[in-house]
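Novice: Please see the structure below; I have some questions.
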Amino acid sequence: MTITEVADKSTIKKGFHALSDSIRIEVLDLLRTQELCVCELLEVLNISQSKLSFHLKTLKEAGLVRTRQEGRWIYYSLNLPQLVVLEQYLADFRRMTSLVPSRKCCD
């Protein structure tokens, strides 16, 4: 059974869409080692709060980040299980390519 059969395809689609933007990839890179609040992300990324909020919402809707509220601050961290789903989805292609015979075209 492949991950596509287990995971909802819209979840996979949202995950790869979220990974299609350089700012969102940069956010994920910043969250690799620690949880960060919005103010810390703003400081490093040097973008407007509204722009960051849009990207964080996209990452959250894709399930790639988790949030935790402490007082008035929201802290973001990676949601590793969802990243594993995307990784496994791609790994399924690697495993399947050895099973699919090559086809000659346009001789």
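Novice: With 10 angstrom as the radius, rank VAL27, VAL85 by how many other C-beta atoms surround their C-beta, starting from the fewest. Show your work: numbers first, answer last.
Specialist: Working: VAL27 24, VAL85 20.
Ascending number of Cβ neighbours within 10 Å: VAL85, VAL27.
Novice: Here is a follow-up. Just to be sure I understand: if I project the alpha-carbon convex hull of region 3-85 onto a plane and average over all orientations, what area do I get in nm²? Mind dumping the intermediate values first?
Specialist: Values: hull surface 21.6 nm².
Directional mean of the projected Cα hull area for region 3-85 stands at 5.4 nm².
Novice: Run the reach check for LYS9 against lysines, Cα to Cα strictly under 19 Å, same-chain hits fewer than 8 apart removed. What comes back?
Specialist: Within reach: LYS60.
Values quoted throughout were computed directly from the atomic coordinates according to the rules given, and no laboratory measurement underlies them. Quick caveat: nothing in here was measured; it's all calculated off a predicted structure. Note: ideal-geometry Cβ built from the backbone for every residue, glycine included; neighbour counts use all protein chains shown.
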